[in-house]
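The values are calculated or read from the model by the stated rules, or taken from the named source; none is laboratory data. Everything numeric in this text was worked out from a predicted model, so none of it was measured. So basically every Cβ, Gly included, is an ideal-geometry build from the backbone, and we count neighbours across all protein chains shown. The protein model used for the area step is the full one, side chains on, heavy atoms only, and it has no ligands, DNA or RNA in it. Shrake-Rupley method; radii C 1.70, N 1.55, O 1.52, S 1.80 Å.
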Amino acid sequence: MSKEMLEAFATLEKTKGIKQDVIVEAIKAALVAAYKKNYNQAQNVEVEFDERKGNFKLLAVKTVVDEVHDERLEYSLKDALNINKAYEVGDEIRFEVAPKDFGRIAAQTAKQVIMQHLREAERNHIIDEYSQYEDELITGTVERRDNRFVYVKIGNVEAVMPHNDQMPNETYNPQDQIRVLVTHVGSDSKGAQITVSRTAPNMVKRLFEQEVPEIFDGTVEIVSIAREAGDRTKIAVKSNDPNIDPVGTCVGQRGARVQNVVNELDGENIDVVKYEEDPSDFIANALNPAEVIAVQFGDDEDEKSALVIVPDYQLSLAIGKKGQNVRLAARLTGYKIDIRPESEVEFVDESSKAANEDNEEAAEVAENTTDETVAVDTETEVAEEVEATDDDLEAQVDDAEEQEELAEPEEEADEE
């Protein structure tokens, strides 16, 4: 029996990852529980395990007394002396209890305790081992599927992929090798549970990290991702090195890098756009491949909204099929985007507005200058007219004096 016991321990440790010490503690607890169930007493029980032979011993500890009041806890001195003459009152005697003497209910209790301990140990082992893989890519094998989950074998454990984490354009058959993202490692009433996904946005990020070394080492950074799994994804990237083009780095030579990601996602379209600190430039990039004329923001800073003006012939391209392009752009940028064609929106271009203001100021200055000049000219003309009038008066006075002087000799001649 001992050999079979040790082999069972080794098998459990290999298949379930449960250490022998944990199994031994589980059996000890089960024997104590069974003894308590059978004798309604467990405070004087000890369990010994021989690691070399693989044997368990269940010992009932009793105290030597003169008069026995509870046979479960006490042993008479008279009977103790028959065992060994050296026993005295207060000594403890250990008696081996055979588990085969337990009743059916006690045996069932022992089984339940062992199974509970093993489940807890297995759950803790799975959580400890796979917590490091949370939010990481891992390869698994499809085992089966039902109406709720696709069950994927990962190592020695079985993970579940809920319906909303399954790609709508993919079919999962038993023995298929698939790459999944571990989204949750936890436990429930049935034990440890690992949840995986093929639709999570971070799966695209992890795929790009594997394909693009510059993303893995941090030279190029993925700022945000907006994804509608199985159809289209937009990712915004920026470069921490001014000499490196983030978009070209992610796309790769002749599109090789991004194509590898597309192939892994079964043909899902991927748009790589450049992240900009200026929100208007970022929104314009996010609406790629549509052309943007202008981006205007609302007055309410708490509600991040933007009005995007596009050429009339670009309106359908900017909105996208069933609004997909603008919807993904809004998720990517974090702004509520309203798209309007150029013909339906009256907007003022900032540069033209500034130029008009400058022209108005210049015209106003010129007008003021003209008024001042006119005023100066008027004053000059008045002064000249006054001066001319004075000269005429002086000339008239001189003429009158000359006439008087001429008239005086004539009067004198008449008198003579």
Over the Cα atoms of segment 27-94 the radius of gyration and the largest Cα-Cα distance (Dmax), both in Å, equal 13.7, 40
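Taking 35 Å as R0, compute the FRET efficiency from the Cβ-Cβ separation of residue 131 and residue 266 and round it to 0.05.
Details: r = 29 Å, r/R0 = 0.83.
Calculated transfer efficiency: 0.75.
Please report the net charge: other residues with Cβ closer than 10 Å to the Cβ of residue 57, K and R +1, D and E -1.
Details: positive: 94; negative: 46, 48, 50, 96.
Net charge around residue 57: -3.
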Rounded to 0.05, the calculated FRET efficiency for the beta carbons of residue 139 and residue 105 at R₀ = 56 Å is 0.75
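Counting Lys +1, Arg +1, Asp -1, Glu -1, what net charge surrounds residue 227 among other residues with beta carbon under 12 Å of its beta carbon? Show your work: numbers first, answer last.
On the way: positive: 198, 205, 232, 234, 327, 331; negative: 228, 231, 268, 271.
For residues surrounding residue 227, the net value is +2.
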Between residue 315 and residue 63, the two model label points (7 Å from Cα along the beta-carbon direction) sit apart by a distance in nm of 9.5
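Pairs on different chains or at least eight residues apart, Cα atoms closer than 21 Å: how many lysine pairs in segment 97-254 fit?
Details: 100/111; 111/190; 153/190; 205/234; 205/238.
Value for segment 97-254: 5.
Carbon and sulfur atoms: what percent of the 1.4 Å accessible area of segment 257-334 do they account for?
On the way: 1760 of 4070 Å².
C and S atoms contribute 43 percent here.
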In whole percent, the fraction of accessible protein surface over segment 25-164 that belongs to carbon or sulfur atoms, probe radius 1.4 Å, stands at 43
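Net charge within 13 Å of residue 337 by Cβ-Cβ distance, Lys/Arg positive one each and Asp/Glu negative one each, not counting residue 337 itself? List each step's numbers first, then the result.
On the way: positive: 234, 304, 327, 331, 336, 340; negative: 303, 338.
Local net charge: +4.
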One finds, for residue 55 and residue 169 with R0 = 51 angstrom and r their Cβ-Cβ distance, a FRET efficiency to the nearest 0.05 of 0.30
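So what is the accessible area of segment 127-258 per residue, in Å², with the probe set to 1.4 Å?
Numbers: 6690 Å² over 132 residues.
With all protein chains present, segment 127-258 gives 51 Å² per residue.
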Descending packing, highest mean Cβ count within 10 Å first, for 175-185, 44-54 is 175-185, 44-54
Label model pair residue 70, residue 8: point-to-point distance (7 angstrom along the Cα→beta-carbon line) in nm is 3.2
Over segment 6-73, with neighbouring protein chains present, the accessible area per residue in Å² at probe 1.4 Å is 60
